[in-house]
Every structure is written in C-alpha cells, then in structure tokens.
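K.L.:
Please find one structure pasted underneath; my questions will follow.
The values are calculated or read from the model by the stated rules, or taken from the named source; none is laboratory data. Remember, it's a predicted structure, so these values are computed and weren't measured experimentally. Virtual Cβ from ideal backbone geometry, glycine too; neighbours counted across all protein chains shown. Quick note on the areas: whole protein, heavy atoms, side chains included, nothing else; ligands and nucleic acids left out. Shrake-Rupley method; radii C 1.70, N 1.55, O 1.52, S 1.80 Å.
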Amino acid sequence: NINYINCSPENLDFKNKFDVILNMEVVEHVANVDLFIKNCSMLIEKNGIMFVSTINKNLKSYLYAILGAEYILRWLPIGTHSWDKFLTPQELEIIATRNNFAVDEVVGMKFDLLLKKWHKSPDASVNYISTFLKN
C-alpha cells in the first residue's frame, strides 16, 4: 500500500517515518532550504531515499527556466522562479550532507520540444534530479 501525502515536512508528525520522500520542483521555492531538508531528514527512515528535482544555478538555467519558460514560451506565470533560489547540484549536496544524507546519483533532465517529452540526460546544466540516501 502506498500513502501519498502532499504537504510541507514541518506540517507532519515527526513520529512518522517514511521510506521515500519526493521533493519534485519544490526546493527552488522554499525560503530556507537547509531547514526544509533538515525536516525531511527527520521524517525519513535510515537507508530511505529522497529524490530532489530542481533547477541548476547558472546562466543557462536562467535563460531556459526563467526567460524561456516564463517570458517567451509562457509555460509558467512570470515570476514563478527566482534565480537567487536556484541551487547547483554541489550546493544541494552540501545541504543534504549536513542533514544526514549521502548523494547517490545526480541525473540531468532535458525537455524535447519536438516530442514534448522529458528524458534523462548526462547534462544537468538546467534541470536535474538528485537522489540521496539517509545515513
């Protein structure tokens, strides 16, 4: 049985522990990423898996995710993202490591405009998914 819960980690009872936490396109919107990941760490079982998908922090990601997706293609409302809140995979790994996680894998994600589908890629320069294991 799978029980999906859609809420912020600070709104959960820390007595509950989960095997998997999915933070998909979330961390680039929270005010305090370190506190957010710390709260996730308190909610996950030892050897549990946490997936974090987010946007890298560089000029290319600004051009694609903000100018491209918000201003040119209008896939998202203007102002959805703030480049200051984007994290490099290395920055995310430092925060996760500080909160008792070990990085397992970082995979890039690319959108194919012709097929209108996402696919995995070795290029994590814009979108990426980091997989972390709880120590």
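K.L.:
State which residue is modelled with the lowest pLDDT when the search covers only the range 1-26 and only residues that are in a loop (DSSP other than H, G, I, E, B) and within 14 Å of the chain's Cα centre (by Cα).
P.N.:
Filtering the range 1-26 for residues that are in a loop (DSSP other than H, G, I, E, B) and within 14 Å of the chain's Cα centre (by Cα), the one modelled with the lowest pLDDT comes out as Ser8.
K.L.:
Quick test of your reading of the structure: Gly108 fulfils all but one of (1) modelled with pLDDT under 95; (2) over 22 Å from Cys7 (Cβ atoms). Name the failing condition by number.
P.N.:
Of the numbered conditions (1) modelled with pLDDT under 95; (2) over 22 Å from Cys7 (Cβ atoms), the odd one out for Gly108 is (1).
K.L.:
Return a yes/no flag: does the range 50-60 have any residue that is of a type in the set (D, E, K, R), farther than 20 Å from Leu12 by Cα and either out of contact with any strand residue (DSSP E or B) (no Cβ under 9 Å at 6 or more places or on another chain) or modelled with pLDDT under 95 (or both).
P.N.:
yes
K.L.:
Could you check the range 56-80 and list, in sequence order, the residues that are out of contact with any Phe, Trp or Tyr (no Cβ under 7 Å at 6 or more places or on another chain) and either open to solvent by less than 30 Å² (accessible area, probe 1.4 Å) or among the acidic types (Asp, Glu) (or both)? Working first, answer last.
P.N.:
In the first step, residues of the range 56-80 are kept if they are out of contact with any Phe, Trp or Tyr (no Cβ under 7 Å at 6 or more places or on another chain); the result is 58-60, 63-65, 67-68, 70-77, 79-80.
Across the range 56-80, the qualifying residues are Ala65, Gly68, Glu70.
K.L.:
If I filter the range 81-110 down to residues being in a loop (DSSP other than H, G, I, E, B) and not aromatic (Phe, Trp, Tyr), which single residue comes out as surrounded by the fewest Cβ atoms within 10 Å (Cβ to Cβ)?
P.N.:
Looking at the filtered set, the residue picked out is Ser82.
K.L.:
Hey, among Lys38, Lys46, which residue is in a strand (DSSP E or B) and among the basic types (Lys, Arg)?
P.N.:
Values: Lys38 fails: in a strand (DSSP E or B).
Exactly one of Lys38, Lys46 is in a strand (DSSP E or B) and among the basic types (Lys, Arg), namely Lys46.
K.L.:
Open to solvent by 40 Å² or more (accessible area, probe 1.4 Å), free of Cβ contacts under 8 Å to residues at least 24 places away in the same chain, in a loop (DSSP other than H, G, I, E, B) and among the hydrophobic types (A, V, I, L, M, F, W, C) - does that describe any residue in the range 114-126?
P.N.:
Checked against the condition, which is being open to solvent by 40 Å² or more (accessible area, probe 1.4 Å), free of Cβ contacts under 8 Å to residues at least 24 places away in the same chain, in a loop (DSSP other than H, G, I, E, B) and among the hydrophobic types (A, V, I, L, M, F, W, C), the range 114-126 yields at least one hit.
K.L.:
Out of the residues in the range 27-48 that are closer than 17 Å to Ile95 by Cβ and open to solvent by 50 Å² or more (accessible area, probe 1.4 Å), state the one that is nearest to the chain's Cα centre (by Cα).
P.N.:
His29
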